[in-house]
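The values are calculated or read from the model by the stated rules, or taken from the named source; none is laboratory data. Values in this document were obtained by computation on a predicted structure and should not be read as measured data. Cβ placement follows ideal geometry from the backbone for every residue including glycine, while neighbour counts extend to all protein chains displayed.
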Amino acid sequence: MSNKRELATFAGGCFWCMVAPFDEQPGIYEIVSGYTGGHKENPTYEEVCSDTTGHYEAVQIQFNPEVFPYTKLLEIFWQQIDPTDPEGQFNDRGLSYRTAIFYHNETQHELAEASKKELAESGRFNKPIVTEILPAGPFYKAEDKHQDYYKKMPFHYHHYREGSGRARFIRENWKKVKSNEELKNELTPIQYKVTRENATEPPFQNDFWDHTEEGIYVDIISGEPLFSSTDKYDAGCGWPSFTKPLRRHELEEKFDTSHGLRRIEVRSKTSDSHLGHVFDDGPGPDRARYCINSAALRLVPKEKLAAEGYGQFLKLFD
C-alpha cells in the first residue's frame, strides 16, 4: 500500500465535533484540532473565541489520497455542517465558528469548488451555500485538552453535540432519503410491510415483545431515537409497550379508522414509518400505552450507545 500523504483542512464550527466523523476511516493518519485563517501567531483558545484573531476553529487531516480520496473527505465535511449559516454553527456564534474549506493545492481547490457547486444545485437547501473556499495558511495546533475531545470526554461531547443542535440538524438535513424499492431490498419482508404498508406483526411472535435488555429503540429506517427500555413494560398484549417516547416531537399521531376500529396511529416523523398505536390504558400518570411493532424498531444496547452516536442517552441508565 502506498504511504502517500496529503493535508486537508476544514472549519466546521466547534472542532470538538469535527474529529470523530473522519477518525478511523481508512487512509487517515492523523487529525489535529487547531486554528487557522487569522493573523495572530500561536493563539490560545480564549483568544480565538474572542473573535479578535481572525482565526477559525478547524481540523487538519493527514490522509492518503490513494486510499481515501479528497472527494470523500469533502463529502464527509459537508454532512457535518449547516453550509447556509454565515455567522457560526448551531448554538456557536461568531467568526471563529464559521465554515470554510482551506485548500492545499489547485486540485483540492477545483474539487472543493465543484463539490460546493454540486451541493448548491442539488436543491437540498433553499438558502445559498455560504461556506468559504480559501487557500490554506499557517495552522496552529490547539491545546492538548482539545485534541480527540470526543474520546477524552465522551459523555460531555455527546451531550454538547446533541444540545448544540448539530446532531439534530444532521439527522434532519443529511439523512439519505431512500425509495421504497431500496427499502424493499434492505428490510425484511415484515419490516417493510409494517413500516411502509401499515401492517401489524403477529403478537407474541416478534423480536421485542418480551425483551428485557437495556438500551434504546430507534427507527429501523432513520435511526431516530424513539423509545427507551427504561419506559418499557409488559402490557400482556404481545407487542413491546412503552409508557412514553424518548422525544414526543419525533412522533406523529393520526386518527386511524382502518379495519373498522377507532385508534390513534403512531408514526415516525423522520421516516414517515408506521410504528403502531397509542392507547389510554397504560400504568403511567398520563395512562399512555405506546403499543409498537418490533419490526419498526432496532435496539441499540446500553454498552453500544456511545459508539453508535447515542451517547447522550447513557444518563438514562445511571
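Structure notes:
- Within the stretch 272-318, the set of residues being crowded, with 22+ Cβ neighbours inside 10 Å and under 13 Å from L226 (Cα atoms) comprises S273, H274, L275, G276, Y290, C291, I292, N293, S294, A296, L297.
- Tallying residues that are within 17 Å of E57 (Cβ to Cβ) and surrounded by fewer than 17 Cβ atoms within 10 Å (Cβ to Cβ) within the stretch 135-146 yields 6.
- Which listed residue, of R124, R166, is in contact with a helix residue (DSSP H, G or I) (Cβ under 8 Å, 6 or more places away or on another chain), buried (at least 17 other Cβ atoms within 10 Å of the Cβ) and of a type in the set (K, R): R166
- Residues of the stretch 79-130 that are part of a helix (DSSP H, G or I), farther than 19 Å from T9 by Cβ and either of a type in the set (S, T, Y) or not assigned by TED's automatic domain parsing to the domain that holds A20 (or both): S122 alone.
- Residue satisfying all of: in the stretch 73-91; of a type outside the set (F, W, Y) and buried (at least 20 other Cβ atoms within 10 Å of the Cβ); nearest to F63 (Cα to Cα) among these: L73
- Entry remark, the stretch 147-163: residues being hydrophobic (A, V, I, L, M, F, W, C) and surrounded by fewer than 14 Cβ atoms within 10 Å (Cβ to Cβ) number 1 in total.
- For the stretch 171-204, the set of residues classified as of a type in the set (D, E, K, R), farther than 19 Å from E252 by Cα and in a loop (DSSP other than H, G, I, E, B) consists of K176, K178, E201, listed by residue number.
- Which numbered condition T188 misses (of (1) surrounded by 12 or more Cβ atoms within 10 Å (Cβ to Cβ); (2) modelled with pLDDT of 95 or more): (1)
- Candidates are the residues of the stretch 254-271 that are in contact (Cβ under 8 Å) with a residue 12 or more places away in the chain and surrounded by fewer than 13 Cβ atoms within 10 Å (Cβ to Cβ); the one that is farthest from P203 (Cα to Cα) is K254.
- The strands (runs of 3 or more DSSP E) falling completely within the stretch 222-318 that include 2 or more residues that are more than 20 Å from I170 (Cα to Cα) and charged (D, E, K, R) map to 251-256, 263-268.
- The set of residues in the stretch 267-311 that are over 18 Å from the mean Cα position of the chain (by Cα) and of a type in the set (S, T, Y) comprises S273, Y290, S294.
- Output for the stretch 1-32, where each listed residue is crowded, with 22+ Cβ neighbours inside 10 Å and of a type in the set (S, T, N, Q): T9
- Yes/no for I216 being β-branched (V, I, T), modelled with pLDDT under 95 and within 20 Å of D272 (Cα to Cα): no
- For the stretch 96-121, taking the residues that are within 18 Å of G54 (Cα to Cα) and of a type in the set (S, T, Y), the one that is surrounded by the fewest Cβ atoms within 10 Å (Cβ to Cβ) is identified as Y103.
- Whichever residue in the stretch 54-78 is farther than 18 Å from I129 by Cβ and in a helix (DSSP H, G or I) and, among such residues, is modelled with the highest pLDDT: Y70
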